[in-house]
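No lab work stands behind these numbers, since they all come straight from the coordinates. Because the structure is a prediction, the values reported are computed rather than measured. All Cβ positions, glycine included, derive from the backbone under ideal geometry; neighbour counts span all protein chains shown.
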Amino acid sequence: MTSKIKTLTTGRSFDDLDVRILEALQVDARTSFSDLARRLSLSQPAVSQRVRKLEEAGVIRGYRAEVDPSALGIGIRATVRLRTTHAHLKAALQRFGELPEVLAIYRLTGEDCFLLHVAAIDAHRLEEVVDSIARFGPVTTALVLREYPTKPVGAQLLMGTR
């Protein structure tokens, strides 16, 4: 028997089989439904239906390839923090969207308003990116020395337990 849990945002019930599907797809999104079905002792249509429901509920937001910028010669990675005023939020967000070097944007609480993950071909281009953002307020930049693998959202977090 499977245990039921609720997602906080959708109210949709899901169980430990859904959690196992999510864990497997986070490790390898190209895993076939037939392979998942074998691992979970389910039919392929049952796995397909569960994945579709997770997609419809917004739990699975998409599937994508992880690209290593350094393999493409994009050797500078940095975090950039921006402190700005409420009046500049919309314009700053628009500017971030125009810069292909800005890979991720986080809105923050505290003194800084935004944290950006940036990849640049070289230090000169990073300087140009930082200068174009600095018109919205003080900027703090930190170079990334090494990136470690991100962790998937695990069963304990999915189920809300410790």
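Check each of the GluC sites (Glu not before Pro) in the range 26-76 and keep only those in coil by DSSP with at most 13 other C-beta atoms within 10 angstrom; list them in order.
GLU66
Could you derive backbone 3J(HN,Hα) for the range 72-85 from the dihedral phi with the Karplus parameters 6.51, -1.76 and 1.60 (θ = phi - 60°), listing whole Hz in sequence and x where the residue is Gly or Pro?
9, x, 8, x, 10, 10, 8, 9, 10, 10, 10, 9, 9, 9
What chymotrypsin sites (Phe, Trp or Tyr not before Pro) in the range 23-120 are in a loop by DSSP, with at most 14 other Cβ atoms within 10 Å of the Cβ?
Of the chymotrypsin sites (Phe, Trp or Tyr not before Pro), the ones in loops of the range 23-120 whose Cβ has at most 14 other Cβ atoms within 10 Å are TYR63.
Where nothing but the Cβ of Lys and Arg (+1) and of Asp and Glu (-1) is charged, how large is the charge dipole of the chain around its Cα centre, in debye to the nearest 20?
660 debye
Using only the Cα atoms of the range 4-64, what are the Rg and Dmax in Å?
11.0, 30
How high is the relative contact order of the range 4-64, given as a whole-number percent (alpha carbon pairs under 8 Å, six or more residues apart)?
24 percent
With just the Cα atoms defining each centre, how far is the range 125-160 from the range 36-66? Give it in Å.
29 Å
Take the alpha carbon gyration tensor of the range 46-94, find the square roots of its eigenvalues, order them as a ≥ b ≥ c, and report rounded if a/c is under 1.5; if not, report prolate when a/b exceeds b/c, else oblate.
oblate
Need one number: nm distance between label points at ILE105 and TYR148, each 7 Å from Cα along Cα→Cβ, rounded to one decimal.
Taking the simple label geometry, ILE105 and TYR148 are separated by 2.9 nm.
Set Lys and Arg Cβ to +1 and Asp and Glu Cβ to -1, take the dipole of the chain about its Cα centre, and tell me which of GLY154, ALA78, SER43 lies farthest positive.
SER43
Placing unit charges on C-beta atoms (Lys and Arg positive, Asp and Glu negative, everything else neutral), compute the dipole magnitude of the range 4-64 about its Cα centre in debye, rounded to 20.
Dipole about the Cα centre, nearest 20: 100 debye.
Averaging sequence separations of C-alpha pairs under 8 Å and six or more residues apart, then dividing by the length of the chain, give the relative contact order as a whole percent.
23 percent
Across all directions of projection, what mean area in square nanometres is found for the Cα convex hull of the chain?
12.3 nm²
If you take every residue apart from GLU101 with its C-beta less than 14 Å away from the C-beta of GLU101, what net charge results, scoring Lys and Arg +1 and Asp and Glu -1?
-2
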